[in-house]
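Beneath this line is the structure, given in structure tokens, with notes to follow.
The values are calculated or read from the model by the stated rules, or taken from the named source; none is laboratory data. These numbers were taken from a predicted model, which means no experiment stands behind them. As a convention, Cβ positions derive from the backbone with ideal geometry for all residues, glycine included, and neighbour counts pool all protein chains shown. For accessibility, only protein heavy atoms count, side chains too; no ligands or nucleic acids. Shrake-Rupley method; radii C 1.70, N 1.55, O 1.52, S 1.80 Å.
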Amino acid sequence: MTVFYPHPLTRVNDSLELKNGNSMPIHYDVISPHIPGKPNDNSRYQADFYKYFGLDIVTETVFNYPYPYITEKTMRPITSKRPFIVIGALGTLALLKSKGFKTFSSIIDESYDEILDHSDRFDSVTEDIRRFVTQPIEKIRQDVTSVIETLEHNFQQYKMLEDIEISQLNL
């Protein structure tokens with residue numbers, strides 16, 4: 001039997017027993033009602049499905065690289081106002097911070113960003129992902145709600161940097 005999963009983020013072990021004996025995944029809406037804006041309005045660029053994400057796991061273009069490299073992959077959770085963890089080169093979070101962005105050390109152990117050995121860095125970041133996603137859903141909701149100011153700050157910082165870049169193109 002094929003079951004259609006209408007939302008991209010479902011915990012494998014979460015299911016709901018239906019009256020006919022079949023089970024369906026339970027879909028959690030982890031978006032906080034306190035985060036302003038609706039998908040794709042002027043204050044938020046996110047797609048509607050993003051409200052089901054408690055954490056965006058960004059796999060950047062480069063990992064074992066001599067310097068950090070940030071692409072649209074890292075901008076996606078920033079413009080969608082979601083917490084994120086980056087599987088990327090050494091110092092990726094430090095580079096984001098140098099550009100005025102804030103990260104999520106209050107809910108994620110970000111020490112992985114400073115690990116020189118790429119194998120150890122990968123092990124550290126995957127362990128942190130595992131720790132975060134195995135929390136009870138209510139704890140994930142609390143974590144997302146606790147970083148609302150950071151999410152808004154990052155979004156505004158992105159818009160400001162976007163405006164600067166666009167103004168430079170209009171010389």
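Does the range 141-153 contain at least one residue that is more than 14 Å from ILE107 (Cα to Cα) and either in a helix (DSSP H, G or I) or open to solvent by 90 Å² or more (accessible area, probe 1.4 Å) (or both)? Yes, that holds for at least one residue.
Evaluate the range 86-106: report whether one residue or more is at positive phi, open to solvent by less than 20 Å² (accessible area, probe 1.4 Å) and at pLDDT below 90. Before you say what the answer is, go through the steps one by one.
Just the residues of the range 86-106 that are at positive phi, to begin with: 91, 100.
Next, from what is left, pick out any that are open to solvent by less than 20 Å² (accessible area, probe 1.4 Å): 91.
Imposing the further condition that a residue be at pLDDT below 90 reduces the set to none.
So far as the range 86-106 goes, no, none of its residues is at positive phi, open to solvent by less than 20 Å² (accessible area, probe 1.4 Å) and at pLDDT below 90.
Can you tell me how many residues within the range 57-79 are closer than 13 Å to PHE122 by Cβ and free of Cβ contacts under 8 Å to residues at least 24 places away in the same chain? Number of matching residues: 0.
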